[in-house]
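What follows is a set of notes on a single structure, which appears directly below.
Quick note: the coordinates plus some simple rules give every number you see, no bench work behind them. Here the structure is a predicted model, which means the values were calculated and not measured. Heads up, the Cβs are rebuilt from the backbone with ideal geometry, glycines too, and the neighbour counts pull from every protein chain shown.
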Ligand code: UTP
């Protein structure tokens, strides 16, 4: 392996105004110097920003939603079409588990959180149980791809191995890792986490498909003839995964992407809302909704922006391949970043002290034509665990699991 040169890395840092990262270089051991130069070499500093300015949005208008009554009326047709795809081996599932889950306040991967009361019941276990319902119904296995990051990969793999994948066939589970991005202070200066290590954070959930490509997962997709990927978040313990009705509806309607949505609990609920932006499917964040949009009505008197996304999307692989190289917008998120202070001492901040840089899966929807916006029953499919207590918490998810007959 060729040695990475100090001068080359200095030049790279100069071009991004990040030379502070070499402040302690002379104090480091040989191994530490090599580690730091190698990290500088691998890091894309072009993502770093010094403000939270987001891209200007296009013209937002309501999107047609396939609501519960319409789904009920067509259920048999949809479920048969979906099961046909699953039984032909054309459906895979992608679990996004690369996030840090900082709001939950545990250093361990979110999926290893035990939400049981009288027995052990892990978040990963809930998800695998839900997917196994479909495996049983269809009578065939489904490939499950799990995205981790460098921060939680080993712990995730070790945990699932120790638990025997909660009964899921190990041959159908595939791990891949997303990338990390540098994290900076509010002036866009990247922090050091150690004198020999740059502060980093997972780069958001938007890079999942290109990370699958980098890790050879698309060979598995291709070899097995997988045409649909159902991508879902780690923290919704009630969600239906590889849901044949959803898959069938998206296929029958000829859409290249599907998004599960729930009716908002109230107009102010903090969920992203499905809409059209310049005539293409898109998602507006709750804080982007104006008062006017919150109360806007459709011709038939219904609230126009009333369906929130739950991070459960179905993508048609041929269309994904077409947009694979398209750059997604970058989101700047305020965050607590462990770093060194000016004396070189380690700090674990109590409140946000800078930015992390992420691309988001929701921006992929906008690149695709024809989105099936598919309503699901909130109480049956939406129990996200973001916080320890209060809204979207371990407590609220437990209540919802109980209501759905899951023993805790
Ligand atoms: P969240 O937006 O809830 O982020 O992720 P998070 O990092 O898990 O949690 P907080 O904000 O620090 O508390 C939504 C989904 O996207 C995944 C998460 O694992 C979760 O399934 N995700 C998020 C990634 O896979 N990678 C990322 O870089 C960020």
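Details
- The Cα center of the stretch 319-375 and the Cα center of the stretch 252-294 differ in position by 19 Å.
- Percent antiparallel among DSSP beta bridges (both partners in the chain, rounded to 5): 60
- Here the stretch 206-318 is treated as a sphere whose radius is the Kirkwood value from Cα pairs; by Stokes-Einstein at 25 °C and 0.890 mPa s it diffuses with a coefficient of 154 µm²/s.
- Mean residue ellipticity at 222 nm, helices only, the chain: -8000 deg cm²/dmol; runs of at least 4 DSSP H residues each add -39,500 (n - 2.57), and the sum is divided by the number of residues.
- Calculated SAXS-style log₁₀ I(q)/I(0) at q = 0.14, 0.17, 0.18, 0.20 Å⁻¹ - the stretch 144-227, Debye, Cα scatterers: -0.62, -0.81, -0.87, -0.97
- Residue 269-residue 54 FRET efficiency (beta carbon distance; Förster radius 22 Å; 0.05 resolution): 0.60
- Highest-first packing order for the peptide set 106-117, 228-239 is 228-239, 106-117, based on the mean count of other beta carbon atoms within 10 Å.
- Sequence ranges 269-277, 286-294, ranked by mean other-Cβ count within 10 angstrom, highest first: 269-277, 286-294
- Cα pair distances exceeding 36 angstrom across the chain, given as percent: 28
- Residue with peak Gaussian network fluctuation, the chain [Cα springs, cutoff 10 Å], from 390, 370, 82: 390
- Remark: spin-label model distance residue 369-residue 298 equals 2.3 nm, labels positioned 7 Å along the Cα→Cβ axis.
- Calculated FRET efficiency for the pair residue 395/residue 10, C-beta based, R₀ 60 Å, to 0.05: 0.70
- Scaled radius of gyration (Cα, divided by 2.2 N^0.38 Å) that the stretch 30-176 gives: 1.44
- Relative contact order computed over the stretch 314-408 (Cα-Cα under 8 Å; 6+ residues apart), in percent: 18
- Once the mean of 1/r is taken over each pair of separate Cα atoms and inverted, the stretch 1-50 shows a Kirkwood hydrodynamic radius of 11.4 Å.
- Largest GNM mean-square fluctuation among 52, 264, 11, using the chain with Cα springs under 10 Å: 11.
- The mean sequence separation of alpha-carbon pairs under 8 Å and at least six residues apart, normalised by the residue count of the stretch 210-300, gives a relative contact order of 13 percent.
- Shape category assigned to the stretch 32-113 from the gyration tensor of Cα positions, a/c cut at 1.5: prolate
- For the stretch 90-116 versus the stretch 170-202, the spacing of their alpha-carbon centroids is 17 Å.
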